[in-house]
Amino acid sequence: MTVAVSGLKAFTKSKVRNGGLVWIAGANLLEKVIQFITYFGFSFWLHPSDYGIFALAWVVIAIAESFFDFSIGLGFMQDQDNPEQARRIYNGAAILCALFWTAICALVGAACYLAGFPEIALMIFTLSVLFICRMLTAPSNLYFMLYEEYRLLAFFKLVPVVVGGLAGILVAIVGGGAWALVSRYFAAGLIGVFLVLLFSPYCLTPVFNFSVIKNWLSRGWKLAVSNNMGWLLVSQTEQILIASFLGSAVLGIYNYARKPMEISAQLLAQIAYQYFLPRFVREGDGARRVVQWALSLAAVMLLAVGVFDFAIKWFAYDIWPEAWWPAFDLMPLAMLCLPPMAMDSILSAYLAANYMVSEVLKINITFAVSSILVVVTCVSMRLGIEVILWGAIALMSMKTLWQLKIISSMPATVSAS
């Protein structure tokens with residue numbers, strides 16, 4: 001075991017700054033490909049209603065996952081006068097966050113049980129263990145990002161997703177239904193903890209310095225809200241409304257159709273948070289270069305949409321059960337959200353790094369309210385989920401234009417340092 005630890009540390013000892021984007025993008029891309037394969041592989045054994053039931057249980061978990069540390073990591077990255085002490089304080093903050101979200105999930109699970117949804121309640125109770133796992137994994141991943149230890153970050157990301165995918169497929173094969181989706185995340189969380197304890201050089205004794213944590217929270221909470229207000233609030237509202245008006249099977253079809261887009265959007269957000277945000281904080285890149293990056297990434301996403309559309313028409317209908325064909329009809333439309341999402345991920349990171357989180361928050365709140373109004377209108381008037389997707393594309397495009405307008409009004413040389 002000692003040889004394994006020393007060998008892995010030796011492998012990651014030299015930093016790969018110039019290739020950081022390649023490592024982060026490659027690791028996140030491979031992670032999402034594995035998630036994509038396992039998620040869609042489950043559908044050979046699961047019914048659309050299984051996906052719908054899991055989606056309802058995942059509502060509270062998704063909120064807690066997204067707001068886990070309330071973005072105090074931004075304050076941590078900006079406060080590196082004493083790096084080791086800062087790491088110890090962040091470790092303490094992660095413990096507090098984990099306990100808080102575990103308690104929230106327990107309360108929501110109890111409410112679901114009392115309301116007559118015991119299976120959803122049990123899923124929430126089981127998935128709440130993820131936050132105890134994140135108490136250890138989240139700090140290490142943040143340190144790997146900040147200190148440019150990208151190879152180690154890639155290792156910590158890929159191994160859990162592979163193990164989780166295999167566990168989920170095994171449960172699906174034996175007839176576990178929606179629990180196959182639960183077991184995927186549960187197994188990934190446990191293996192992540194094992195890797196941190198075995199390999200991470202940052203398992204330091206936590207320090208509970210509440211004044212510093214409060215300071216970091218004051219800098220980060222707006223970023224947490226702004227980053228998650230739009231997609232999270234809208235997404236979870238969609239889940240509840242579609243399930244209530246149209247049923248869990250339709251919700252399963254809708255989520256299945258959106259899954260390639262969601263996986264890609266998560267990849268974009270991870271690249272922006274793990275590479276571009278630390279870079280913008282450290283180096284203060286100019287607005288023109290940032291816009292070039294955003295436009296280039298949007299062009300790549302547009303090309304990917306075309307390739308994906310061709311791939312669906314080529315083989316999906318011949319392989320998957322007929323029950324899933326309506327989802328494949330909707331997938332190309334859902335994927336059209338990606339080009340503006342690509343620009344949004346980079347532009348939001350740039351604004352946050354330049355202490356303009358309030359502007360990002362204002363944009364995302366406006367986007368969230370508008371999107372919810374579109375969803376409520378479409379569901380209540382039975383306009384169909386296609387109209388919901390067209391509305392999302394239009395609103396995301398307008399959001400990006402708003403961000404570009406703000407950045408164009410910034411000084412020619414902006415430094416985030």
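What follows draws every value from the coordinates through simple rules; no lab data is involved. Keep in mind the model is a prediction, meaning the values are calculated, not measured. Glycine gets a Cβ as well: all are built from the backbone with ideal geometry, and neighbour counts include every protein chain shown.
Shown for T237, T205: other C-beta atoms within 10 Å of each C-beta, ranked fewest to most, produce the order T205, T237.
Each peptide in 207-214, 82-89, 164-171, 142-149 receives the mean, over its residues, of other Cβ atoms within 10 Å, and ordering these scores from highest gives 142-149, 164-171, 82-89, 207-214. Here V369, V250 are placed in order of increasing Cβ neighbour count within 10 Å, fewest first, which gives V369, V250.
Subtracting the Cα-Cα distance of S409 and T205 from their residue separation scaled by 0.36 nm leaves 68.9 nm. For the set K214/K405; K157/K313; K32/K313; K259/K313; K259/K399; K313/K362, the pairs lying more than 28 angstrom apart at their alpha carbons are K214/K405; K157/K313; K313/K362.
What residue among M341, A243, W58 has its Cα farthest toward the positive end of the dipole of the chain, where the charges are +1 on Lys, Arg and -1 on Asp, Glu, each on the Cβ? Most positive-ward Cα: M341. Using the Cβ of S140 as centre and a radius below 12 Å, the other residues enclosed give a net charge of +2, where K and R count +1 and D and E count -1. Taking the number of Cβ atoms within 10 Å of each Cβ as an exposure proxy, the fewest-first ranking of S345, S409 is S409, S345. Note on the chain: helix-only mean residue ellipticity at 222 nm, from DSSP H runs of 4+ residues weighted -39500 (n - 2.57) and normalised by residue number, equals -27000 deg cm²/dmol. Using the Cβ-Cβ distance between E119 and F36 with R0 set to 35 Å, the FRET efficiency from 1/(1 + (r/R0)^6) comes to roughly 0.85. Using θ = phi - 60° in the Karplus curve 6.51 cos²θ - 1.76 cosθ + 1.60, the 3J(HN,Hα) couplings for the stretch 300-312 round to 4, 5, 5, 4, 5, 4, x, 5, 5, 4, 4, 5, 4 Hz; x is entered for Gly and Pro. Note on the chain: dipole from Cβ charges, positive end direction compared against M398, I385, A110; the farthest Cα belongs to M398. Basic side chains Lys and Arg get +1 at the Cβ, acidic Asp and Glu get -1 at the Cβ, and with that the dipole of the chain about its Cα centre reaches some 920 debye.
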